[in-house]
Each structure stands twice: as C-alpha cells, then as structure tokens.
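Below you'll find the structure, written out as structure tokens, and then a few comments.
The values are calculated or read from the model by the stated rules, or taken from the named source; none is laboratory data. Since this is a predicted model, take the numbers as computed values, not measurements. Cβ atoms come from the backbone with ideal geometry, glycine included; neighbour counts cover every protein chain shown.
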Amino acid sequence: MANKQEILDRLLATLQATRLFRDLASLEYEPEHEMVTAVYEGGATLRVNVAGNSGFAMIKDVLRLLA
C-alpha cells in the first residue's frame with residue numbers, strides 16, 4: 001500500500017518549485033476521512049476526496065483540484 005502522506009510531501013516539494021504554487025504551504029492527508037487538504041500560506045484551503053485511490057490516482061486528483 002502506498003504511503004499517501006509521503007507521496008504528498010514529495011509532490012508538495014515539486015509543486016513549490018514552480019512559480020504557480022510557491023505559496024502552497026502543505027498537502028495534508030487525513031486517513032480517517034481519506035481526504036487531502038491543500039493549505040496555502042494565506043490560510044486558504046482546498047479539499048479533495050481520495051477514497052480508494054492509488055498513489056498515482058491521488059496525485060491526479062490533487063492536480064485537478066489545484067488547476
């Protein structure tokens with residue numbers, strides 16, 4: 001089984017290297033709800049349901065959320 005928080009940590013570092021997402025502060029996986037919360041430096045948040053997702057499917061859902 002994929003370590004979803006580790007995947008999100010690595011994705012966050014990659015996204016923060018871009019101009020568009022340099023203000024993305026964190027990507028937090030909530031295993032009890034199978035949700036990912038994207039938190040920006042200004043405090044804004046976005047959430048996406050990743051229930052049943054593989055690691056790659058979760059990445060795709062997060063990118064769709066942020067796009």
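Among the residues making up segment 7-26, those that are among the small types (Gly, Ala, Ser) and touching a strand residue (DSSP E or B) at 6+ places or on another chain (Cβ under 6 Å) are Ala25, Ser26.
The set of residues from segment 1-52 being modelled with pLDDT of 95 or more, among the aliphatic types (A, V, I, L, M) and not in a strand (DSSP E or B) comprises Ile7, Leu8, Leu11, Leu12, Ala13, Leu15, Ala17, Leu20, Ala44, Val50, Ala51.
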